[in-house]
Amino acid sequence: MKPLSAPQAYGLVVACAALLIDQAHKYWMLNVFGIGQKPPIRLLPFLDVVLSWNHGVSYSLLTAHDDVARLALLFFQLAIILGLAVWLRRTNSAVTALGLGLVIGGALGNAADRLLRGAVADFFYLHTTLPVGPLANYVFNLADVAITCGVAALLIEGLVASEAPGKSSA
């Protein structure tokens with residue numbers, strides 16, 4: 001196997017950093033700060049800190065409460081992470097590596113929750129009375145922030161990048 005290129009190594013470091021930051025934050029919120037024993041904490045008129053357990057994926061889709069369903073969801077997550085890791089291994093673009101690293105690290109953080117805690121711990125409750133669709137009520141964690149930022153980086157690169165002749169950004 002050939003060694004990692006600089007962008008690939010960068011993506012791997014970003015993935016590890018996103019995973020470690022997410023898991024350290026979750027540990028602190030659950031075991032040091034004790035968010036589970038506190039009422040919602042208002043940070044802004046539209047943002048509270050709470051504890052919410054998500055047994056599914058985004059917006060609690062594919063909810064998995066029993067062990068078989070949770071294991072199936074975990075394997076589904078790991079298959080996606082593996083596919084993203086293959087993409088990372090093939091890229092020579094630093095922006096693609098950054099985006100993939102953030103998505104992989106965030107996905108691993110949420111998968112670790114599912115494996116270790118049985119559900120994903122979410123803490124930030126974004127809410128509004130405005131009719132803005134699904135973001136009117138959304139609970140998320142730092143892993144979700146990493147995933148969102150990673151997807152944004154990939155989309156922006158895909159929209160604005162111009163490929164040089166004979167060179168691919170993927």
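Since every read-out is calculated from the coordinates, none of them should be taken as a lab result. On a predicted model such as this, the values are computed, not experimentally measured, just so you know. With ideal geometry, Cβ positions are generated from the backbone for all residues, glycine too; neighbour counts draw on all protein chains shown.
Spacing of the modelled spin labels on residue 85 and residue 155, each 7 Å from Cα toward Cβ, amounts to 2.7 nm.
Modelled spin-label separation between residue 33 and residue 68, with each label point placed 7 Å from Cα along the Cα-to-Cβ direction: 3.8 nm.
So for the chain, averaging the separation of alpha carbon pairs under 8 Å that are six or more residues apart and normalising by length, what relative contact order in percent results? Working shown, then result.
Values: 248 pairs, mean separation 52.1, N = 170.
With pairs under 8 Å counted, the relative contact order is 31 percent.
Directionally averaged projected area (the chain, Cα convex hull): 12.2 nm².
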